[in-house]
Amino acid sequence: QVQLVESGGGLVQAGDSLRLSCAASGRTFSSYRMGWFRQAPGKEREFVAAISWNAGNAYYADSVKGRFTISRDNAKNTVYLQMNSLKSEDTAVYYCASGSALSIRSKMGYDYWGQGTQVTVSS
């Protein structure tokens, strides 16, 4: 059974930073791409960032490029999302996901999901 557990969310002010973590178990972590998505109230779940199995490639949504950094530690089976210069529009539940399909920026490219962690940015 694959399990992804996010942590690190919270309530911060605009301009602050947060680091999200996602601990994985149940499959060979280092063999799969990892991604972060987010879902704000009343909106579709959207792509935030992804990182290839060996961390050789990283991908970002335009809305977070230059502010967020995705990284992974395969020895710890953990993927991170460093979020800097947070804005109120970053408020959402953040989900990590694991997958290998070609659709890097689509939910269809991932087959396992965590339960999510809430990030709230007050302005």
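The values are calculated or read from the model by the stated rules, or taken from the named source; none is laboratory data. Note that the structure is predicted; figures quoted are calculated from it, not measured. Please note: Cβ atoms are built from the backbone with ideal geometry, for glycine as well, and neighbour counts cover all protein chains shown. Calculation scope for accessible area: heavy atoms of the full protein, side chains included, ligands and nucleic acids excluded. Shrake-Rupley method; radii C 1.70, N 1.55, O 1.52, S 1.80 Å.
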Out of Thr78, Val12, Thr91, whose Cα points farthest toward the positive end of the dipole of the chain (charges: +1 Lys, Arg; -1 Asp, Glu; placed on Cβ)?
Thr78
Within segment 5-62, report the trypsin sites (Lys or Arg not before Pro) that DSSP leaves as loop and that have at most 15 other Cβ atoms within 10 Å.
Lys43
What whole-number value in Å² describes the accessible area per residue of the chain for a 1.4 Å probe?
51
Expressed in square angstrom to the nearest 10, the accessible area of Tyr112 with a 1.4 Å probe stands at 90
If you place +1 on the Cβ of every Lys and Arg, -1 on the Cβ of every Asp and Glu, and leave all else neutral, what size is the dipole of segment 2-94 about its Cα centre, to the nearest 20 Debye?
220
At 1.4 Å probe size, with no ligands or nucleic acids counted, give the accessible surface of Lys107 in Å², nearest ten.
90
Can you compute the modelled spin-label distance between Thr28 and Asn74, with each label point 7 Å from Cα toward Cβ, in nm?
1.0
Charge dipole (debye, nearest 20) of segment 1-55; +1 at Cβ of Lys and Arg, -1 at Cβ of Asp and Glu:
140
Subtracting the Cα-Cα distance from 0.36 nm times the residue separation, let me have the gained length for Glu46 to Gln3 in nm, one decimal.
13.4 nm
Take a quick pass over the chain and tell me how many lysine pairs come in under 22 angstrom between Cα atoms, counting only ones 8 or more apart or on separate chains.
5
Environment charge of Tyr32, counting only residues whose C-beta is closer than 11 Å and scoring Lys/Arg +1, Asp/Glu -1
+2
